[in-house]
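Asker: Pasting in a structure now, in structure tokens, and then I'll have a few things to ask.
All of the numbers you see were taken from the coordinates with simple rules; none came from a lab. Here the structure is a predicted model, which is why all the values come from computation and not from measurement. Quick reminder, even Gly has a Cβ in these numbers, built from the backbone with ideal geometry, and neighbours come from all protein chains shown.
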Amino acid sequence: MNVRLERLDRATVVIPEGRLDFDAATDFQKQLEGLFTSGTPPGAVIIDCGMLEYVSSAGLRVFLLGAKAAQKAGVAFAICDLKPAVREVFDLSGFSRVLAVHPDRATALGQGPGRT
Amino acid sequence: MTLTVVPGPVRRVAAAAGSPVQALADLLIVGRGPYARAFENLILGLIIFSVASIGIESIPGLPEWALSALHVAEIVVVAVFTFEYVMRLIAAKNKFAFIFSYQGLIDLLAIAPFYLVGLDARWLRALRLLRLLRVLKLQTHILETVVEERTRELAEKNAALETAQAQLKAELEVARSLQLAILPSAFPATPGCDAAARMIPATTMGGDFYDYIELPTGEVGLVIADVSGHGVPAAFFMAVARTNLRERAVHHIDPGECLAQTNDSLCAQNPMDLFVTVFYCVLDPKTGALRYANGGHNPPYIRRATGEVETLSGAGGLVLGALPGAKYPTHTVQLLRGDRLVLYTDGVTEAFNPAEELYGAPRLADEVHVHGGGTPAALVERICRSVTNFAGTAPQSDDITLTVLTWGAP
């Protein structure tokens, strides 16, 4: 799995690409944690899942950890553009009800702080 | 002078093992300290000088004083070589083997002509060139010894690592079998019900589990669950989740309430931020009424006696262990005689084949529809075979767990 970062004025967009399975989860977790521990504050954190094909339960856990870390840092945390297969996992696990999930990036950026 | 000169001191010195002479031999020949190095360099220098002097001596018309000087030098060289030979002999553990060794013979050939023929044996002294070769051979020998030593050290370290790894693997095996051992091996003897379950563990320790719970009301609780991630943390979390759920199941009849309390308890003891998806249902074997609650788990199937497959899609709640205070609605569904309940974990539907395609829920529903008419054990076997055949050579990344229950079977 590949992860790209886009730093905007008031937000950092994280773009995971491919399959977020058990093996990829550890790396993704480190990258997300790095956002909160590195010197520059990330602004709002938005995970753009437009390129994400698959999420396992271990991958789902990283989203939860990210949301918790963001809450602790007082930073807004949102997820957007879930593909149907990934959306299903979020719905099934109940994550789409406790995390801020938006249909696309523009909505995620526009709506400001989501529920975390 | 004759060769017999040499064995003389050998006998003497051999008798005086541990004497100062022996200590000196050990220091100069066997030792690796500065004295041994200096002595080695001295010998090397003398070998080169001695070979060069043979060339100089052959120059015609050399003045008398030069020849005399060369003769004196030759006597000194032979004296030192003889001293070295004796030292080597004393230092050697097996004297006889040393004398007839390649090294020993060359060293002897370098000095023997002097004792046999005297100073005139100039051309025989060319045999000393062999000593140069010996030095080269010695260097190679030292290099080989070092390489051998390093190789041996490496092999020892590898062996130690292998032992440690084997130990760790054995311990993980034990943990794995302990984990498997807490899964119920048989469904409680309940009139009108029959059930079968199977878990195919992934290569690493996973966190799937299923459970049958005999409730004081005469009802039967059925659990299927999947802890996020793998390894020892997942295994521990699984054990904690199972115990928590079991304890509450016995005291709280409502499945949703049972999940809510288990969730709160898990959130309070979750240092690794793991979570577990749980489907929990309670069957009344007298009436066939099934009450269930879902904490983020794949919705199970009901295969009606007619062959139709339905999904238990009543709204669920959040996975357990993620956030305290989560609510889990309880739903009720009526089983009819001959209906089958199929619970599974995502290891079934998310099994990949070598072409990276998912097994998928439709395939599973199809198997349940077509082959669900027999015993629970037969259906469990059938689905497991279907999934493993599909996955083929692709590595199994998640536990595959399946439970099938029939109600009112004749």
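Asker: List the residues of region B:268-293 whose backbone N lies under 20 Å from a point placed 7 Å from the Cα of A:Lys72 along the Cα-to-Cβ direction.
Answerer: B:268-276
Asker: Out of B:Lys93, B:Lys286, B:Lys327, any idea which swings most in a Gaussian network model of chain B, alpha carbons joined below 10 Å?
Answerer: The residue with the greatest mean-square fluctuation here is B:Lys93.
Asker: A follow-up question, please. Using every Cα-Cα pair within region B:243-349, state what percent have a distance larger than 25 Å. List each step's numbers first, then the result.
Answerer: On the way: 1252 of 5671 pairs.
Above the 25 Å cut-off, region B:243-349 has 22 percent of its Cα pairs.
Asker: For chain B, compute Rg over Rh where Rg is the Cα radius of gyration and Rh is the Kirkwood radius from the inverse mean 1/r over Cα pairs.
Answerer: Numbers: Rg = 43.4 Å, Rh = 28.5 Å.
That ratio is 1.52, to two decimals.
Asker: In nm², what is the average projected area of the convex hull enclosing the Cα atoms of region B:169-301? Walk me through the intermediate numbers first.
Answerer: On the way: hull surface 32.8 nm².
Computed as one quarter of the Cα hull surface, the answer is 8.2 nm².
Asker: Please give every one of the aspartates and glutamates within straight-line cross-link reach of B:Lys95, meaning a C-alpha to C-alpha distance under 15 Å, and leave out same-chain neighbours fewer than 8 residues apart.
Answerer: B:Asp26, B:Glu84, B:Asp107
Asker: Kindly give the semi-axes, whole Å and largest first, of the ellipsoid equivalent to the protein assembly as shown, taking each as the square root of 5 times a Cα gyration tensor eigenvalue. Walk me through the numbers before you get to the answer.
Answerer: Numbers: eigenvalues 1456, 180, 80 Å².
Three semi-axes, in Å: 85, 30, 20.
Asker: Give, in nm to one decimal, the length gained when the segment between B:Ile59 and B:Val76 is fully stretched (0.36 nm per residue of separation minus the Cα-Cα distance). Show your work: numbers first, answer last.
Answerer: Values: separation 17, 0.36 × 17 = 6.12 nm, distance 2.13 nm.
Length gained between B:Ile59 and B:Val76: 4.0 nm.
Asker: Set Lys and Arg Cβ to +1 and Asp and Glu Cβ to -1, take the dipole of the protein assembly as shown about its Cα centre, and tell me which of B:Pro271, B:Val348, B:Ala25 lies farthest positive.
Answerer: The residue sitting most towards the positive pole is B:Ala25.
Asker: Another question about this same structure. Students often forget the sequence filter, so: which lysines lie under 24 Å Cα-Cα from A:Lys72 once same-chain residues fewer than 8 apart are removed?
Answerer: Counting by Cα, and skipping residues close in sequence, A:Lys72 has these lysines nearby: A:Lys30, B:Lys327.
Asker: In debye to the nearest 20, how big a dipole does region B:268-410 give about its Cα centre with +1 on each Lys and Arg Cβ and -1 on each Asp and Glu Cβ? Present the calculation step by step, with values, prior to reporting the outcome.
Answerer: Values: 10 positive and 14 negative charges, 129 e Å.
The dipole of region B:268-410 has a size of about 620 debye.
Asker: Subtracting the Cα-Cα distance from 0.36 nm times the residue separation, let me have the gained length for B:Ala166 to B:Arg385 in nm, one decimal.
Answerer: Extra length available between B:Ala166 and B:Arg385 comes to 75.7 nm.
Asker: Modelling each spin label as a point 7 Å along the Cα-to-Cβ direction, I'd like the B:Ala155/B:Val51 distance in nm, to one decimal.
Answerer: So the label points at B:Ala155 and B:Val51 sit 3.5 nm apart.
Asker: Could you state the number of Å between the C-alpha centres of region B:351-406 and region B:274-290?
Answerer: If you average the Cα positions of each part, the centres end up 21 Å apart.
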